[in-house]
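Structure first, commentary second.
The values are calculated or read from the model by the stated rules, or taken from the named source; none is laboratory data. Remember, predicted model here, so these are calculated numbers, not experimental data. Note: ideal-geometry Cβ built from the backbone for every residue, glycine included; neighbour counts use all protein chains shown.
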Amino acid sequence: MPTPTEIFLSHSSQDRQFVTTLGDLLERHGIPYWYSERDILGAQQWHDEIGKALSRCDWFLRVLSPAAVASKWVKHEVLYALQEKPYEDHIVIVEHQPAEYKKLSWTLRNFQWVDFQKDFAEGCRELLRIWGRGYRD
C-alpha cells in the first residue's frame, strides 16, 4: 500500500490519551495525519475544520471504543468515509477497547482491523505494516 497523503484520525475525545500516543507513533514514522486536538486552533469552527480534513485526507483510521460508538459525531465521520471514493480500501479500524462496532456500521468488519488491546507494540507493528513501514520504538 502507498504511504498516505494524510490520515484522518477519527476518535472520541474521551480517548484523547490513546489517540495522542497513536499520532506520535505516526509522526515518528513519517506518516502525515490530521488530529482534531492538534489541528483545530482556538476559535476555528470545529465542524468546518473536520469537514475540510475529511475531504482532504486519503486514509481513515477509526479508533474503536465504547465512547466512540456512543458518539454521534464519530458516526457521521464513519458514514462519510464509507461513502467517499478516496477512502475506498483505505479504512482501518484501530481496536482500542472492546466495543459494539455494529452500532457505528455493520460494514466495519469488512475493513482492516488492528488490535491494540493486548500489546501496544504489536499493534504498532501491525498498523505500520499496512504502509510497508517497520516499527521503531
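Take the conditions touching a Gly at 6+ places or on another chain (Cβ under 9 Å), within 18 Å of VAL19 (Cβ to Cβ), part of a loop (DSSP other than H, G, I, E, B) and among the polar types (S, T, N, Q) and apply them to GLN97. Does it pass?
Spelling it out, it is not the case that GLN97 is touching a Gly at 6+ places or on another chain (Cβ under 9 Å), within 18 Å of VAL19 (Cβ to Cβ), part of a loop (DSSP other than H, G, I, E, B) and among the polar types (S, T, N, Q).
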- Item | Only listed residue being touching a Phe, Trp or Tyr at 6+ places or on another chain (Cβ under 8 Å) and either in contact (Cβ under 8 Å) with a residue 12 or more places away in the chain or part of a loop (DSSP other than H, G, I, E, B) (or both), chosen from VAL74, VAL114, VAL92 | VAL92
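Here are some residues: GLY51, GLY30, GLY23. Which one is small (Gly, Ala, Ser), out of contact with any Phe, Trp or Tyr (no Cβ under 9 Å at 6 or more places or on another chain) and either surrounded by 14 or more Cβ atoms within 10 Å (Cβ to Cβ) or modelled with pLDDT of 90 or more (or both)? Don't jump to the end; show me each part of the working.
Working: GLY51 fails: out of contact with any Phe, Trp or Tyr (no Cβ under 9 Å at 6 or more places or on another chain); GLY23 fails: out of contact with any Phe, Trp or Tyr (no Cβ under 9 Å at 6 or more places or on another chain).
Of GLY51, GLY30, GLY23, the one residue that is small (Gly, Ala, Ser), out of contact with any Phe, Trp or Tyr (no Cβ under 9 Å at 6 or more places or on another chain) and either surrounded by 14 or more Cβ atoms within 10 Å (Cβ to Cβ) or modelled with pLDDT of 90 or more (or both) is GLY30.
Please go through the stretch 77-89 and pick out each residue that is within 14 Å of HIS11 (Cβ to Cβ) and either outside any helix (DSSP H, G or I) or free of Cβ contacts under 8 Å to residues at least 24 places away in the same chain (or both). Step through it out loud before you land on a result.
Start the filter on the stretch 77-89 by keeping residues that are within 14 Å of HIS11 (Cβ to Cβ), which leaves 77-78, 81.
Once the filter is applied, which keeps residues that are within 14 Å of HIS11 (Cβ to Cβ) and either outside any helix (DSSP H, G or I) or free of Cβ contacts under 8 Å to residues at least 24 places away in the same chain (or both), the stretch 77-89 yields nothing.
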